[in-house]
1. Just to check your reading of the model, which residue among B:Arg88, B:Arg147 is more than 11 Å from every other protein chain (Cβ to nearest Cβ), touching a helix residue (DSSP H, G or I) at 6+ places or on another chain (Cβ under 6 Å), part of a helix (DSSP H, G or I) and surrounded by fewer than 23 Cβ atoms within 10 Å (Cβ to Cβ)?
2. From A:Ala96, A:Ala122, A:Ala111, A:Ala56, which residue is within 23 Å of B:Ala111 (Cβ to Cβ), in contact (Cβ under 8 Å) with a residue 12 or more places away in the chain and within 7 Å of chain B (Cβ to nearest Cβ)?
3. Filter segment B:57-74 for residues that are under 15 Å from B:Cys24 (Cα atoms) and of a type in the set (Ser, Thr, Tyr) and give the result.
4. Could you tell me which of the residues A:Thr142, A:Thr108, A:Thr129 is assigned to a strand (DSSP E or B) and under 24 Å from B:Phe130 (Cα atoms)?
5. Can B:Gly205 be described as buried (at least 19 other Cβ atoms within 10 Å of the Cβ), in contact (Cβ under 8 Å) with a residue 40 or more places away in the chain and either facing chain A (nearest Cβ under 10 Å) or in contact with a Phe, Trp or Tyr (Cβ under 9 Å, 6 or more places away or on another chain) (or both)?
6. Quick one: how many residues across segment B:184-200 are touching a helix residue (DSSP H, G or I) at 6+ places or on another chain (Cβ under 8 Å) and either of a type in the set (D, E, K, R) or outside any helix (DSSP H, G or I) (or both)?
7. Could you check, for segment A:70-87, whether at least one of its residues is among the basic types (Lys, Arg) and within 28 Å of B:Ala170 (Cβ to Cβ)?
8. Condition first: modelled with pLDDT of 95 or more and over 15 Å from A:Gln14 (Cβ atoms). Now tell me which residues in segment A:218-252 satisfy that.
Protein chains: 2
Amino acid sequence: MTTFPPPSFAQRFQKLADERSPFCLGLDPSRDVLARWNLPDTVQGLSDFCDRLADAAGESLAVVKPQSAFFERHGPEGLVVLQRVLKRFRAAGTLALLDVKRGDIGSTMDAYAESLFGKGSAYDVDAATFTAYLGLGALAKTVELARYHGACAFIVVRSSNPEGAPLQNAVGGDGLTVAQAVADGLRKLNDKAGRGVFPAGAVMGATLPPVDRDVVERLGGALMLTPGIGSQGAGFSDLPKLFAGRERQVIPTAARSVLEAGPEVAALKKALEAHQAPSRAFREGA
Amino acid sequence: MTTFPPPSFAQRFQKLADERSPFCLGLDPSRDVLARWNLPDTVQGLSDFCDRLADAAGESLAVVKPQSAFFERHGPEGLVVLQRVLKRFRAAGTLALLDVKRGDIGSTMDAYAESLFGKGSAYDVDAATFTAYLGLGALAKTVELARYHGACAFIVVRSSNPEGAPLQNAVGGDGLTVAQAVADGLRKLNDKAGRGVFPAGAVMGATLPPVDRDVVERLGGALMLTPGIGSQGAGFSDLPKLFAGRERQVIPTAARSVLEAGPEVAALKKALEAHQAPSRAFREGA
């Protein structure tokens, strides 16, 4: 039996975050990580990397975030591995948020949404990431398509890298910074989707110094994916400074600081719990 | 025999543009276009679409621009078709510029560059498109990798859609608009690469009213990919208004207005020549 509209990503995330933890594991099989794990830089190495993490995670994670680029590197066969890994995590009840940072216009964005969202699509993920250099308006239909499929489109608002600041802090004709304007637009897309659905999420880099608190407030109730924890500046202890009062909207995300514990499954398990425990504590305002 | 460094994209484009024409054909097998051509919305339909255009083009084109999203829609098998089509055009001496608009940071961008550029990479294209919401600085290494492989990274400066204007015209701390700052940064990347190499190109939407002429000047000698001709506002007769004095840097690009002539190969041939003739005339300042 299927229900329509399907439960939203936000609803599904909140339930899993309460049961498991809000922590999101980044699957980043870069050339360097494969080498550190003594895996060959091949489709087989890519596949083994993913299986070790899926073995370590079991049914413990709410969300995983595969980085598409590291699968695309291996060509079409790498994307077959991605499809298989997505199925493994889905079978474990884990949500898949594909980090693809697509950003285009019109029928091109429709095609990306069709490749990502919904039964019968190539990847059928629960969420994906997008960028707005061509304007947030160009992503409005993508957010609608995400909503239709119970998925979420996470749009980069503030990134964790220093090179992102000049553009994201530039001031538009309305007197708002680019990040503020994107945050406002994102909130409007969520308002339009109806109460509690939140088909538009925000990527908010969790680095120090803290991003403008004002941008966080402008997002309203949107979920915030916060990459960079543990290795790009901010630690779990910094999260309250960044997001106090918005704890239940935050998806703390890390890859490198977990992957460094590999390749042994037992060590990865331990590293995952070392990230999940403080994520739970932060969520509970502890 | 291979030479190192390999001839740059700019050198190869200029030669082909003189011999053939500067026109770039967009390969946009959207669901709508497949339907209009009476092709099924399947991998086979996608493949037939591409073969018809390759048949029509023969050895007449300098550059083709496949839109990745329309291949990604069909999953890994769609990308196998893309690989095959890229080989067909390469065999005809045509340069391939893959429209992927990737935009991320650090090792993720390295992985995208590794999937796109160089012998042994998944797609081995001559050029690809990128976006800079996460900062132009985050794309600097991508431009270096493109240069190393004799390829070109085309970065969106001004897009042809109205939704792009507020962000691209926002003003940074240096008093420059985002588009001006990206144009300046792009010129610096080209200066660093040495005389005549131009590994960084610009995507400049060819729509009316004309983009700020100042942005064009800031780009220096960079190549400019100008999508949107024929269907998004500007026609060939508008090109001199937009790019006078920079004719040899312009790659006039269109998809829809050619594809509308399909699916018959003879009609497509005629439509291609109807785009190539005015592209040549514009390039020659006629």
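The values are calculated or read from the model by the stated rules, or taken from the named source; none is laboratory data. Fair warning: this is a prediction, and the values are worked out from it, not measured in the lab. Backbone-built Cβ (ideal geometry, glycine too); neighbour counts: all protein chains shown.
1. On the way: B:Arg147 fails: surrounded by fewer than 23 Cβ atoms within 10 Å (Cβ to Cβ).
Of the residues listed, the single one that is more than 11 Å from every other protein chain (Cβ to nearest Cβ), touching a helix residue (DSSP H, G or I) at 6+ places or on another chain (Cβ under 6 Å), part of a helix (DSSP H, G or I) and surrounded by fewer than 23 Cβ atoms within 10 Å (Cβ to Cβ) is B:Arg88.
2. Working: A:Ala96 fails: within 7 Å of chain B (Cβ to nearest Cβ); A:Ala111 fails: in contact (Cβ under 8 Å) with a residue 12 or more places away in the chain; A:Ala56 fails: within 7 Å of chain B (Cβ to nearest Cβ).
Testing whether each residue is within 23 Å of B:Ala111 (Cβ to Cβ), in contact (Cβ under 8 Å) with a residue 12 or more places away in the chain and within 7 Å of chain B (Cβ to nearest Cβ) leaves just A:Ala122.
3. The initial filter retains those residues of segment B:57-74 that are under 15 Å from B:Cys24 (Cα atoms), namely B:57-67.
Of everything in segment B:57-74, just one residue is under 15 Å from B:Cys24 (Cα atoms) and of a type in the set (Ser, Thr, Tyr), namely B:Ser60.
4. Values: A:Thr142 fails: assigned to a strand (DSSP E or B); A:Thr108 fails: assigned to a strand (DSSP E or B).
Result: A:Thr129 is the single residue among A:Thr142, A:Thr108, A:Thr129 that is assigned to a strand (DSSP E or B) and under 24 Å from B:Phe130 (Cα atoms).
5. Numbers: buried (at least 19 other Cβ atoms within 10 Å of the Cβ): yes; in contact (Cβ under 8 Å) with a residue 40 or more places away in the chain: yes; either facing chain A (nearest Cβ under 10 Å) or in contact with a Phe, Trp or Tyr (Cβ under 9 Å, 6 or more places away or on another chain) (or both): yes.
Considered against the rule, which asks whether it is buried (at least 19 other Cβ atoms within 10 Å of the Cβ), in contact (Cβ under 8 Å) with a residue 40 or more places away in the chain and either facing chain A (nearest Cβ under 10 Å) or in contact with a Phe, Trp or Tyr (Cβ under 9 Å, 6 or more places away or on another chain) (or both), B:Gly205 comes out as yes.
6. 7
7. Going through segment A:70-87, the residues among the basic types (Lys, Arg) turn out to be A:73, A:84, A:87.
Filter once more, keeping what is within 28 Å of B:Ala170 (Cβ to Cβ): none.
Among the residues of segment A:70-87, not one is among the basic types (Lys, Arg) and within 28 Å of B:Ala170 (Cβ to Cβ), which makes the answer no.
8. The answer is A:Arg218, A:Leu219, A:Gly220.
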